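The values are calculated or read from the model by the stated rules, or taken from the named source; none is laboratory data. Bear in mind that the values here come from a model prediction, so they are computed numbers and not experimental data. Every residue, glycine among them, receives a Cβ derived from its backbone with ideal geometry; neighbour counts consider all protein chains shown.
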Amino acid sequence: MPRDEQGARDLTTIDRHNWRLPRLRVERPDPRLFQIASLGTLLAIGIAGRAFAVEPIDLAAIFTTALLTQWVMSLVFAIRFEARSAIITSLALSLLLRADGIMPLIAAAALAIGSKFILRWNGKHLFNPANIGIVATTLATSAAWTTPGQWGTAIWLAAIIAGAGFFVTYRVSRLDVPLVFLGTLAALTIARALWLGDPLSIPLLRLQNGALILFAFFMISDPKTTPDGALPRAAFAAAAALITFVFTYNFFESDGVFYSLAILCAIRPLFELFDRAKRFEWSDAKARPSLQAPPAPAE
């Protein structure tokens, strides 16, 4: 056999059996960074464009308390300090909670972060931190209240919030939660309007409230406090919408949306009894295999 032909055949054998594409693992940005950016932008829009009644000292009290509580609890439970979760909780409280003085805000931030470490079930914190901070503070004192009225019903603002939330929830595989929640609540609200003979403009105006959209995309969709399986998640979101509807239209409770999530989180273990889905971890949302070698051919 000619030497050139033999060499080409040897090179083909080497290529086929020994050459491999490098195994790459691309680290995608942590979805929490996008959530922080989205909530921070909404807070900036609210302060600059909608005159939110939030003072710098209020923001300082919330953020300092949340980060300090996170640090202390990390030391107590001997785990790595994680600032991103505390920042997200602080932003949510800054957007949705107001108070006479800073003490209720400090209490809300401390309760929110502390609940992650103390109130746990099956390796997950039981309550959404910002939600339980809001619910506990508003129920315990008349000096704290939520802010659905400050958001108004501007369609452009609702679209901005929904757009940012769509991207964040898609990145953590929880887009189904806000869609089921809002879809169920919309169906119930519109059905009620039709039953009463009200014009559809009334329920549609209620549904485009900025605070409601913010809740749907940035609070109830928290991947650490929703069931991991698709069907339990859908049932969880639909039940939250039903309870919200009852609170809002039967008890005329403006904070019903927050109470509904607290109730559902408290009974979430019931939704997870038959949930065999893999538990959500932030690392799963960050890393994705990009390119790996094909299997070696049989000899």
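Do we have residue 32 as under 27 Å from residue 163 (Cα atoms), part of a helix (DSSP H, G or I) and either among the hydroxyl-bearing types (Ser, Thr, Tyr) or touching a residue at least 60 places away in the same chain (Cβ under 8 Å) (or both) here?
Yes: the conditions hold for residue 32.
Could you list, in sequence order, all residues of the stretch 105-114 that are buried (at least 21 other Cβ atoms within 10 Å of the Cβ) and under 19 Å from residue 74 (Cβ atoms)?
Residues satisfying the conditions are 109, 111, 112, 113.
Provide a single number: the residues in the stretch 107-123 that are touching a Ser or Thr at 6+ places or on another chain (Cβ under 7 Å) and farther than 20 Å from residue 39 by Cβ.
Total meeting the criteria: 2.
Name every residue in the stretch 231-261 that is buried (at least 20 other Cβ atoms within 10 Å of the Cβ) and of a type in the set (A, V, I, L, M), in order of residue number.
237, 240, 241, 257, 261
Step by step: first the residues of the stretch 136-152, then only those that are under 22 Å from residue 259 (Cβ atoms) and at pLDDT below 90, then the one that is surrounded by the most Cβ atoms within 10 Å (Cβ to Cβ). Which residue is that?
Among those residues, the one meeting the criterion is 151.
Identify all residues within the stretch 153-171 that are surrounded by fewer than 19 Cβ atoms within 10 Å (Cβ to Cβ) and hydroxyl-bearing (Ser, Thr, Tyr); write none if there are none.
Selection gives 153, 170.
For the subset of the stretch 173-183 comprising residues that are surrounded by fewer than 20 Cβ atoms within 10 Å (Cβ to Cβ) and over 13 Å from residue 212 (Cα atoms), which member is modelled with the lowest pLDDT?
By that ranking, first place goes to 173.
Hey, does the stretch 269-284 have a residue that's under 28 Å from residue 171 (Cβ atoms), part of a helix (DSSP H, G or I) and among the basic types (Lys, Arg)?
Within the stretch 269-284, not a single residue is under 28 Å from residue 171 (Cβ atoms), part of a helix (DSSP H, G or I) and among the basic types (Lys, Arg).
Please go through (1) modelled with pLDDT of 95 or more; (2) surrounded by 17 or more Cβ atoms within 10 Å (Cβ to Cβ); (3) in contact with a Leu (Cβ under 9 Å, 6 or more places away or on another chain) for residue 271 and return the number of the only condition it doesn't satisfy.
Condition (1) is where residue 271 drops out.
For residue 133, only one of the following conditions fails: (1) buried (at least 20 other Cβ atoms within 10 Å of the Cβ); (2) assigned to a loop (DSSP other than H, G, I, E, B); (3) not acidic (Asp, Glu). What is its number?
Status for residue 133: all satisfied but (2).
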